[in-house]
């Protein structure tokens, strides 16, 4: 459905509404004159679908200088994508909120880095950006650099093709073992591994596995806390 909706809305801009008057107390705001456009209809999968706000009340698109703006919360419901507003940070958050910082926002070893859709899918989900060690690859190692800023690493990991005999996560500067996980089956779901990394600047991840096996680490859902 998402693809069809995006095609229908092509050529419009999305405008956030329903944040409350407190969200607008800013020197960055400019007053404009715009039109509520009651003529524009939204068609979803062949059916006309009215736009509604969070309370179920009908809302209209806005036309300003030849561009049509749609209420982002209404569109998010059509796309089945969550949307939130952070009043402190003045941010509109579209998509799932994570209780941490994705590991890709800090430095990491890019040897296994890929965005190739043929490689970023696991368990029916496309993770879009991952560290991927292909079967028959000799690279069974990667590294992350939290730079001592976080207390915990929540690593998501899956074996591909062959069992992982062991996964070791080390403080790379001190050569101290932080966590060891044994026997990760390729038939298992994506594993979530939590590690205390207080004060750790550089992390080494070593995988012991037959050469014809591989592994995947999603970079968006593996996070620091």
What whole number of Å gives the distance from the Cα centroid of the range 110-134 to the Cα centroid of the range 141-180?
18 Å
Simple spin-label estimate for residue 113/residue 191, 7 Å along Cα→Cβ, in nm, reads 2.5 nm
Listing 165, 194 by rising number of other beta-carbon atoms within 10 angstrom, fewest first, gives 194, 165
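Per-residue counts of other Cβ atoms within 10 Å, averaged by peptide: what ranking do you get for 112-119, 152-159, highest first?
For the peptides 112-119, 152-159, the packing ranking is 152-159, 112-119.
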Exposure-ranked with fewest Cβ neighbours within 10 Å first, 91, 77 stand as 91, 77
Applying 1/(1 + (r/R0)^6) with R0 = 41 Å to the Cβ-Cβ distance of residue 65 and residue 151, what FRET efficiency is obtained, to the nearest 0.05?
0.25
At a 10 Å Cβ-Cβ cut-off, how would you order 43, 73, fewest neighbours first?
43, 73
For P(r) over Cα pairs in 10 Å bins from 0, in percent the list reads [x] 8, 34, 36, 18, 4, 0; [y] 7, 31, 36, 21, 5, 0; [z] 7, 25, 24, 18, 17, 8, 1; the calculated value is entry [z]
Would you kindly state how much longer the chain becomes between residue 41 and residue 181 on full extension, computed as 0.36 nm times their sequence separation minus their alpha carbon distance, in nm to one decimal?
44.9 nm
R0 = 45 Å: FRET efficiency of residue 49 with residue 137, Cβ-based, nearest 0.05?
0.45
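Would you work out if the range 137-225 is rounded, prolate or oblate? Take a ≥ b ≥ c from the square roots of the eigenvalues of the alpha-carbon gyration tensor; rounded if a/c is under 1.5, else prolate when a/b is larger than b/c, oblate otherwise.
Judged from the Cα gyration tensor, the range 137-225 comes out prolate (a/c at least 1.5, a/b above b/c).
No value in this document is a laboratory result; all are computed from the given coordinates. Keep in mind it's a predicted model, so treat the numbers as computed, not measured. Neighbour counts are summed over all protein chains in view; Cβ atoms, including those assigned to glycine, are modelled from backbone coordinates with ideal geometry.
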